[in-house]
Amino acid sequence: MSELTRRSLLRGTFGIGTAAALAGLAGCGVPPAYVRAAERAAPDRSAADRRLLFANWPLYIDVDDHDKQRRPTLDAFRRRTGISVTYTEEINDNDEFFGKISPALMNHQPTGRDLVVISDWMCARYVRLGWVQEMDRTAQPHVARNLDPQLASPSFDPARRHSVPWQSGITGIAYNRRRLGREIRSVSDLWHDDLRGRVSLFSGIDEAFALLLQGEGVDITRWRPDDFHRMADRLRRLVARGHIRRFTGNDYIKDLDSGDVLAAQAYSGDVIQLKADNPDIAFVVPEEGGELWAESMMIPNLAAHKRNAERLIDHYYRPDVAADLAAWVNYVCPVPAAREVLAASKDKERAALAEDPLIFPDAALRQRLATARDITAAERPALTGEWNAIVGL
């Protein structure tokens, strides 16, 4: 197994400086950097210039087994449409990429990109600021038909007019069943004495807070700041008595594999890959629930090839294409119809993916999944400051 997976690259730690900057932008009423809908579009060159530039995270797309520079699902799009794609793996951190393209967006200038993939908690800021364009869903029949209903209406973009999930995933708990010698069923199971000094949690507030709130019995779709403060109080006590070994980014994969930690807050897709090498590792969605998240495609303001980008998004919502992508990246597929494509495969390993609930959650699991409401611009400076003081950022 490659120890470096796409999701584990994500740091996502939304620093106080950037949070304060965004809060300043929000101000009262219409933020100074807000772009009105009428000012978001540029003349579309798609018909005459059959190409687009697609910015994504590393290790987040299928590659050819014999030529790592080739990406079969993109090649299929070019053959189907005649549109070529310049694909860049330039997004390594939500905060960093925001800083990279925000000067252009703030100043009503093109970013040079037609399509970007951003974590939904950060997508919310782009949508609020009016920095991304509304899509023409009539040009995206596969999206309209095949988008997972559980991902179809996030609070920041209720009709998904500005964003479409690229991949999804679950934040839950990974643990070494053999070394721990018991099952973990609840977030509270992490706080038992036999795990003192052997637990890790995510360091980024946006990656960590929802699951911890769920452990407190909070409905994360409508949590309140008081809920956050109560959770933070518990976490402070756990840190003070040395129960949390450390707060991590992708390091939790190494720590679990080596046995330095026995239980960790974890992403479903990472654990699928980790279990392939270490069958003692288990992943659980706690009884209280787990967070269902997505990373979504958006078209920045003044993109020169909007129609081409819309067609590429729709391409990835064809069940056969979604199946190819899911088989490679192993995250929750936002196209449930892809399950039938994989199930019909003559390749046993590929067909087995159709039965993996961490790629295609069943009805029972879905009942325990929820998507957290976003931390608002007004809440973020105080909550991020409180969080960072706890985790030592």
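The values are calculated or read from the model by the stated rules, or taken from the named source; none is laboratory data. Quantities reported herein were computed from a predicted structural model and do not represent experimental measurements. Note that we place each Cβ from the backbone using ideal geometry, even for glycine, and neighbour counts take in every protein chain shown.
Points worth noting:
- Residues of segment 174-192 that turn out to be part of a helix (DSSP H, G or I) and not small (Gly, Ala, Ser), as a count: 8
- Test: residue in segment 274-292 that is out of contact with any helix residue (DSSP H, G or I) (no Cβ under 8 Å at 6 or more places or on another chain) and of a type in the set (Asp, Glu): yes
- Filter result for Gln265 (buried (at least 17 other Cβ atoms within 10 Å of the Cβ), under 26 Å from Thr73 (Cα atoms) and outside the structural domain of Leu147 (by TED's automatic domain parsing)): no
- Selection over segment 74-110 of residues that are without any contact (Cβ under 8 Å) to a residue 40 or more places away in the chain, part of a loop (DSSP other than H, G, I, E, B) and touching a helix residue (DSSP H, G or I) at 6+ places or on another chain (Cβ under 7 Å) gives a count of 1.
- Among residues of segment 288-308 that are assigned by TED's automatic domain parsing to the domain that holds Glu39 and on the phi < 0 side of the Ramachandran plot, those with a Cβ under 9 angstrom from a residue that is among the charged types (D, E, K, R) and part of a strand (DSSP E or B), sequence gap 6+ or separate chain, pair up as His305/Arg51; Asn308/Arg51.
- Residue match in segment 351-365 (condition: at pLDDT 95 or above, outside the structural domain of Asp219 (by TED's automatic domain parsing), farther than 20 Å from Ala282 by Cα and part of a loop (DSSP other than H, G, I, E, B)): no
- Single unsatisfied condition, Gly249 versus (1) surrounded by fewer than 22 Cβ atoms within 10 Å (Cβ to Cβ); (2) under 24 Å from Ala372 (Cα atoms); (3) modelled with pLDDT of 95 or more: (3)
- When Glu134 is tested against (1) outside any helix (DSSP H, G or I); (2) closer than 19 Å to Ala370 by Cβ, only condition (2) is not met.
- Index of the failed condition, His229 passing every other in (1) touching a Leu at 6+ places or on another chain (Cβ under 7 Å); (2) surrounded by fewer than 17 Cβ atoms within 10 Å (Cβ to Cβ); (3) of a type outside the set (D, E, K, R): (1)
- Tally, over segment 234-260, of residues that are under 21 Å from the mean Cα position of the chain (by Cα) and without any contact (Cβ under 8 Å) to a residue 40 or more places away in the chain: 0
- No other residue among Glu216, Glu207, Glu134 is at pLDDT 95 or above, within 30 Å of Lys100 (Cβ to Cβ) and not aliphatic (A, V, I, L, M) apart from Glu134.
- Flag if Trp328 is hydrophobic (A, V, I, L, M, F, W, C), crowded, with 19+ Cβ neighbours inside 10 Å and closer than 27 Å to Asp206 by Cβ: no
- Restricting segment 139-160 to residues that are part of a helix (DSSP H, G or I) and either under 22 Å from Ile375 (Cβ atoms) or small (Gly, Ala, Ser) (or both) leaves a set whose member that is modelled with the lowest pLDDT is Ala139.
- Within segment 129-141, residues that are free of Cβ contacts under 8 Å to residues at least 12 places away in the same chain have Cβ atoms under 9 Å from residues that are loosely packed, with under 15 Cβ neighbours inside 10 Å in these pairs: Thr138/Ala144, counting only partners at least 6 apart in sequence or on another chain.
- Residue in segment 44-60 that is closer than 30 Å to Leu292 by Cα and either of a type in the set (Lys, Arg) or part of a helix (DSSP H, G or I) (or both) present: no
- Matching residues, segment 270-280, being touching a residue at least 12 places away in the same chain (Cβ under 8 Å) and either out of contact with any Lys or Arg (no Cβ under 9 Å at 6 or more places or on another chain) or buried (at least 23 other Cβ atoms within 10 Å of the Cβ) (or both): Asp270, Val271, Ile272, Gln273, Leu274, Ala276, Asp277, Asn278
- Residue that is nearest to Ala327 (Cα to Cα), among those in segment 50-73 that are among the basic types (Lys, Arg) and surrounded by 12 or more Cβ atoms within 10 Å (Cβ to Cβ): Arg71
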